[in-house]
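J.: Sending over a structure as structure tokens; questions will come in a sec.
Any read-out appearing in this document is the output of simple, stated calculations on the displayed coordinates, not a laboratory observation. Since this is a predicted model, take the numbers as computed values, not measurements. Cβ atoms come from the backbone with ideal geometry, glycine included; neighbour counts cover every protein chain shown.
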Amino acid sequence: MQQVRVRFAPSPTGPLHIGGARSALFNYLLAKKHDGKFIVRIEDTDRERSGREWEENILESLRWLGLEWDEGVEVGGEHGPYRQMERLDIYREYTQKLLESGRAYRCYCTSEELEEERERLRAKGELPRYLGRCRNLTKEQEEEYIAQGRKPVIRFKVPQGEKIIVDDLVRGKVSFDSDGVGDFIIVKSDGIPTYNFAVIIDDALMKISHVIRGEEHLSNTPRQILLYQALGIEPPRFAHISLILGKDGSKMSKRHGATSVAQYRQQGYLPEALVNFLALLGWSPEGEEEKFSLDELIELFSLDRVAKKPAVFDIEKLNWLNGVYIRQTDVEKIARMAVPYLQESGHLPKDEAAIDWEKLVKQVSVAQNYLSKVSDITDFFAQFYGEQVVLEGDAAREVLQQEQVPQVIALFKQKLQDLDPVDSEGVKKMLKSITKELKLGGKKVFLPLRVALTGKTKGPELHDLIPVLGVEACIKRVESSLVQAGK
Ligand code: GLU
């Protein structure tokens, strides 16, 4: 097999999206699997929409996901530069070749003339396209246009009557008619190449073996193949991966929630979880297992298990996976991640030096078991570590009105005050002893205690929570709950 060289080639016109991140990941996985190279190239020829801040966002998001590149922007390599706007001389050389071989020509049509032509075709029920009015201009005609101050674009002469087959590694053979294509622009009037032209020169010069990208580029591929043929260059293999849909079946968009990697990062998703989740958007390994590290993904990945059908973005699955990763992560790390959220919510002082780390780590060690994303920590703190207990609805109140409750609470307070040390094991034993001494079933003891301590009928284990809250806070809380329940 030829060396695998793949690239991720984002246009820096917005943040790194989930779809782009998935393309980057699939490229990365293929490269790593075959000891190949993963290249990052910036396609910044859309001057109006491109911005350095977006480039930075994209690169930072890739690094955060752990998708480091072997060659490309910022890291360099043999085939640079890796920003298209720094490669204009290279494109010029190839434009010249195509002009000289008669495969491209200058077109002087104005936008009004082009619109008129499209209108005429539409009226006849035909596909609007450029019919080649400037294909065979005489020298005099050209000179006249230039004298009129018209600025030419350069168009590629599309051979007529040809079938172009894209032999796609995901979609199989897809056939296109060259007649439907029309002579397309390869260099705009300001001398900047269009996407279809720049992309093939770069892929060829960077020796790209496989182009893995979103399905939306499938319709560009016949144009790119025609350009390769005209330049006598062997095209790379193509693999177009399916769209990502929201759960309602429409294309994933802002309407469905966060779409950029930076937003997920900000909400406290872990990169390992996001990578795992993205890998399963359109690819699946054999078997039922769903949790994979990046190394395991590299081991298992293959393009022939990439699905043709669209992938559905299921946020609940991401939340589940993220929760699994959060529970596996060192508590200190989650605590560090939690700090900015808790500072923002007022649960922690803004001054880091004033944070009681030992206490925080204890609190997080309980919360960790219940979080889907780190930002949920503020909610958890508000619910379980707040100053006040708020009884949640009638169900909670009714539990506290059961007749055994005063007895249970009195014994709990007494035993808690005597407990030493107040740790998980000790609390477990103490709770058990309450049921024994009062000769009550667990439910009659644990549920009222839970409600009295937390205001809720569900939540963390009491033997986890009580040591974190501490004796004094527990007693204050149960007393305030009883008052609220009218006991
Ligand atoms: N710059 C293109 C994009 O962001 C890349 C397409 C390709 O991979 O060829 O959509």
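J.: Based on the Kirkwood radius over alpha-carbon pairs, what is the Stokes-Einstein translational diffusion coefficient of region 344-487 at 10 °C with 1.306 mPa s viscosity, in µm²/s?
T.: Rounded to a whole number, D works out at 101 µm²/s.
J.: Here's another thing I want to ask about it. Return the distance in nm (one decimal) between the two label points of a simple spin-label model at Glu461 and Ala258, each offset 7 Å from Cα along Cα→Cβ.
T.: 2.9
J.: Over what distance in Å are the Cα centres of region 1-39 and region 210-225 separated?
T.: A separation of 14 Å, based on Cα centres.
J.: Sort Ser11, Ser23 so the one with the fewest other Cβ atoms within 10 Å of its own Cβ comes first.
T.: Ser11, Ser23
J.: Within a 10 angstrom radius of the beta carbon, how do Thr454, Thr378 rank from fewest other beta carbons to most?
T.: Going from sparsest to densest Cβ surroundings: Thr378, Thr454.
J.: Using a simple charge model, +1 on the beta-carbon of Lys and Arg, -1 on the beta-carbon of Asp and Glu, nothing else, what dipole does the chain show about its Cα centre, in debye to the nearest 20? Present the calculation step by step, with values, prior to reporting the outcome.
T.: Numbers: 70 positive and 76 negative charges, 231 e Å.
Charge dipole, the chain, about its Cα centre: 1120 debye, nearest 20.
J.: Now for a separate question. Please list 233-239, 266-272 highest first by mean number of surrounding beta-carbon atoms within 10 Å per residue.
T.: Result, highest mean first: 266-272, 233-239.
J.: I would also like to ask the following. Quick check on my link table: of Lys124/Lys157; Lys124/Lys151; Lys317/Lys444; Lys251/Lys308; Lys432/Lys458; Lys415/Lys458, which ones sit more than 25 Å apart, alpha carbon to alpha carbon?
T.: Details: Lys124/Lys157 23 Å; Lys124/Lys151 30 Å; Lys317/Lys444 35 Å; Lys251/Lys308 15 Å; Lys432/Lys458 19 Å; Lys415/Lys458 23 Å.
Beyond 25 Å between Cα atoms: Lys124/Lys151; Lys317/Lys444.
J.: Using Cα centres only, tell me the gap between region 346-379 and region 64-106 in whole Å.
T.: 48
J.: By counting other Cβ atoms within 10 Å of each Cβ, how are Glu60, Glu53 ranked from fewest to most? Can you show the working numbers first?
T.: Details: Glu60 15, Glu53 9.
With the fewest neighbours first, Glu60, Glu53 line up as Glu53, Glu60.
J.: With unit charges on the beta carbons (Lys and Arg positive, Asp and Glu negative) and the dipole taken about the Cα centre of the chain, which residue among Ala262, Leu29, Pro310 sits farthest to the positive side?
T.: Among Ala262, Leu29, Pro310, the one farthest towards the positive end of the dipole of the chain is Pro310.
J.: Roughly what % of DSSP beta bridges within the chain run antiparallel, to the nearest 5?
T.: If we restrict to bridges inside the chain, about 50 percent are antiparallel.
J.: Projected area of region 1-125, taken from the Cα convex hull and averaged over every viewing direction, in nm²?
T.: 11.8
J.: Let me ask you something else. What whole-number distance in Å separates the alpha-carbon centres of region 446-484 and region 298-318?
T.: So the two Cα centres are separated by 43 Å.
J.: If you don't mind, another one. If you average the sequence gap of Cα pairs under 8 Å that are 6 or more apart and divide by the length of region 234-353, what percent do you get for the contact order?
T.: On the way: 91 pairs, mean separation 37.6, N = 120.
That works out to 31 percent.
J.: If pairing requires two Cys Cβ atoms under 4.7 Å apart, which cysteines of the chain are left without a partner?
T.: Lacking a cysteine Cβ partner under 4.7 Å: Cys109, Cys474.
J.: Moving to a separate point now. Averaging sequence separations of C-alpha pairs under 8 Å and six or more residues apart, then dividing by the length of the chain, give the relative contact order as a whole percent.
T.: Values: 693 pairs, mean separation 59.5, N = 487.
Taking the mean separation of contacting Cα pairs over the length of the chain, I get 12 percent.
J.: Let me ask something else. Note down the net charge around Lys362, summing +1 for each Lys or Arg and -1 for each Asp or Glu among other residues with Cβ under 12 Å from its Cβ.
T.: On the way: positive: Lys359; negative: Glu332, Asp356, Glu358, Asp423, Asp464.
Spelling it out: positives minus negatives among the neighbours equals -4.
J.: Taking the Cβ of Ala198 as the center, what net charge do the other residues with Cβ under 14 Å away carry, scoring Lys and Arg +1 and Asp and Glu -1?
T.: Neighbour charge sum, excluding Ala198 itself: -1.
J.: Oh, and also: Within straight cross-link reach of Lys429, meaning Cα distance under 14 Å, which aspartates and glutamates are found once same-chain residues fewer than 8 apart are removed?
T.: Asp418, Asp420, Glu437, Glu461, Asp464
J.: Next up: How much net charge surrounds Val158 when only the other residues with a Cβ under 11 Å from the Cβ of Val158 are counted, with Lys and Arg +1 and Asp and Glu -1?
T.: Summing Lys/Arg as +1 and Asp/Glu as -1 gives +2.
J.: Still on this structure: What are the extents of the Cα atoms of the chain along their three principal axes, listed from largest to smallest and rounded to whole Å?
T.: The Cα atoms of the chain stretch 107, 48, 44 Å along their principal axes.
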